[in-house]
Amino acid sequence: MIFNWKEIYEGRLTNAKTALSKIKKGAHIFLGSACGEPQLLVRTLIDISANLVDIEVIHFLDIGTAPYIEEKFNDNFRHNALFIGASTRNAIKEGRADYTPILLSEIPLLMLRGRMPLDVALITVSPPDKNGYVSLGISVDTTKTAAEIADYVVAEVNPNMPRTLGDSFLHVSDIDAFVENDVPLIEFQQKTPGDIAQSIGEQIADLIENESTIQTGVGRIPNSVFPYLMNKRDLGIHTETFTDGIIDMIEAGVITCKKKTLHPGKIIASFCMGTKRLYDYVDNNPLFEFHPCHYVNNPYIISKNDKMISINSALTVDLTGQVCSDSLGFLFYSGIGGQVDFVRGSAMSKRGKSIMTLPSTTDGGNTSRIVPFHSPGSGVVVTRGDIHYVVTEYGAAYIHGKSIRDRAMALINIAHPKFREELLDAAKRQGYVYKDQIIPAVLYPKEFETYWTDNKGTDIFFRPVKPTDERAIQDMIYALPEQDMYTRFFHSLKSFSHKIAMPLAAIDYNDRMAIAAVTGREEPESKEKIVAVGRYIRDPNTNYAEVAFTTDHGWQNRGIGTFLLRYLIRIARQKNIKGFTADVLSQNTPMMKVFARSGFPLKTNLEYGIYELQLPFLDNTQSS
């Protein structure tokens, strides 16, 4: 313990120009990140720019104005972005600034190994506490490592910087100069999610279980999920950064961190960006622990959180599952950041999930963001081997471990409808899918998704069949015992080929409807399995629909057939279908009982051992 820390502090307290006068020509300068940028020190750099030549300014994330990138300072400063902010994007495009693509977890390693030499670190800190420690507050991330290894450290002491807890402290004896500056911290205003972002947020929320630990990147789409999580319980947070939206979830009792397997009871982060409300909230708040990003973003550390869910944004995703999220062609747009760290960490987590999000279109709806292939110059940030879920406003596609054909079909199925045929044609040309493959021309009816508990207490997910279910339907059929096969199809089935299965999966959800009973949906480490399908096909001449059911042998006698019939009746009545018809073998007593329990009058006619059934729906509101 250094007992004379006050003397040290007073002896090193100076003004900004004096502190920066020690910077030599050609120096490598690190600036504190994001909203923790040292505002006075940045302005003073510009004021003394005439004395500075060939200065490299290294910044992880720039939220401020970045005046040093102006053309008139080309001989004085060269900006090196580790993640590209809006204020520096154009300078990088024009070649007047640099971009270093790097995983956020590995930036400190660059510094520690001397691959990124740092002569000077300019940082913002809170006033010293009674023991002489200052806090890096809202910007611990790469700033702490930079301050620990730079030859010369200047700290802008701002009383508005919150004192955050965790591995966020430096002692005054480790800092070479102090400059006091009482100004509001830079604030970051999260844009309000639009309709598309809200729809994506709702899709994401369906994938998040109670007691999950989540990470969200910054942006309208990742943060659009928060309002849809208000019915969840005991969520935890382990994330590189967060914004104001987290406060409402804490105060609503949604985020408690009680069930976290790593740092229970604590929100773990590296930095935060938001408004004064957020900065006041994290000040001396023991719920929050801030750590450097080489810890927070370490995939091994991340994976120690059970049910770890990462939520990040993509610019484009191609039909093989490659994710571009840092560039638009040759235009570098943002950066790698912590995306890959959390994708890999959540993949290694027990029951973890990684989710990539993007709107289905850009350019006012004129360009699809799910693409046949990435444009020249586009960088793949998340590989086709890493990706798990992709979510657009049209649904969620789980493609990890799937074949190119399966993932292409899954991604086409969540693309904007007006681009699906175009994407399907491209997939055929590229040899990804069957040449005769078809897809529905209508939107997937998410409103027909539901849960139901069978008579053995098992919760089963029921949803409309998708084109991507073709193989799962084949698997279910081929697994049927010979007797069940005969009962369902009235003859021994030698094959159930693609040509037969595809039309049963690619349906129009109107005249042709099919509902699948699905298990394994909540377990990303297991395979989703279809255990039953109920379907109908409308006859346009009679406006009756022929109905049929197939149930996995191990799932029979659990009430699934009865539920499916009643559920299909409800859907069919919404479609103004008059009733159902069916052919049932006379010895198929269980199926006859299912129809008898439908709640509607049943007309039967027995011929050649087959019951011809007619189930007219009543015009009144009789229960179904």
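Collect the residues in the range 399-414 that are part of a loop (DSSP other than H, G, I, E, B) and either of a type in the set (D, E, K, R) or closer than 16 Å to Tyr434 by Cα (or both), keeping them in residue-number order.
The first filter runs over the range 399-414 and keeps only residues part of a loop (DSSP other than H, G, I, E, B), leaving 399-403, 414.
Result: Lys402, Ser403.
Taken together, Leu122, Leu118 contain a single residue that is in the same structural domain as Asp174 (by TED's automatic domain parsing), buried (at least 21 other Cβ atoms within 10 Å of the Cβ), part of a loop (DSSP other than H, G, I, E, B) and in contact with a helix residue (DSSP H, G or I) (Cβ under 8 Å, 6 or more places away or on another chain), which is Leu118.
Entry remark, the range 1-49: residues being over 45 Å from the mean Cα position of the chain (by Cα) and of a type in the set (Asp, Glu) number 2 in total. Candidates Leu61, Leu109, Leu41, Leu45: the one that is modelled with pLDDT under 95, within 19 Å of Ala147 (Cα to Cα) and in a helix (DSSP H, G or I) is Leu109.
Looking only at residues in the range 566-593 that are of a type outside the set (A, V, I, L, M, F, W, C) and in a helix (DSSP H, G or I), the one that is farthest from the chain's Cα centre (by Cα) is Thr589. Looking only at residues in the range 552-588 that are small (Gly, Ala, Ser) and surrounded by fewer than 20 Cβ atoms within 10 Å (Cβ to Cβ), the one that is nearest to Arg488 (Cα to Cα) is Ser586. Of all the listed residues (Ser375, Ser354, Ser403), the sole one being assigned by TED's automatic domain parsing to the domain that holds Ile301 and buried (at least 20 other Cβ atoms within 10 Å of the Cβ) is Ser354. In summary, Tyr608 fulfils each of the numbered conditions (1) over 44 Å from the mean Cα position of the chain (by Cα); (2) without any contact (Cβ under 8 Å) to a residue 24 or more places away in the chain; (3) at negative phi with the single exception of condition (3).
Could you pull out the residue among Ile250, Ile221 that is modelled with pLDDT under 95, touching a Leu at 6+ places or on another chain (Cβ under 8 Å) and not in a loop (DSSP other than H, G, I, E, B)? Don't jump to the end; show me each part of the working.
Details: Ile250 fails: modelled with pLDDT under 95.
After applying the criteria, what remains is Ile221.
All of (1) assigned to a loop (DSSP other than H, G, I, E, B); (2) in contact (Cβ under 8 Å) with a residue 24 or more places away in the chain hold for Gln198 with one exception: (1).
If the condition is being closer than 16 Å to Leu262 by Cα, in a loop (DSSP other than H, G, I, E, B) and acidic (Asp, Glu), then the range 279-338 contributes only Asp306.
The values are calculated or read from the model by the stated rules, or taken from the named source; none is laboratory data. All of these numbers come straight from a predicted model, not from anything done at the bench. Every residue, glycine among them, receives a Cβ derived from its backbone with ideal geometry; neighbour counts consider all protein chains shown.
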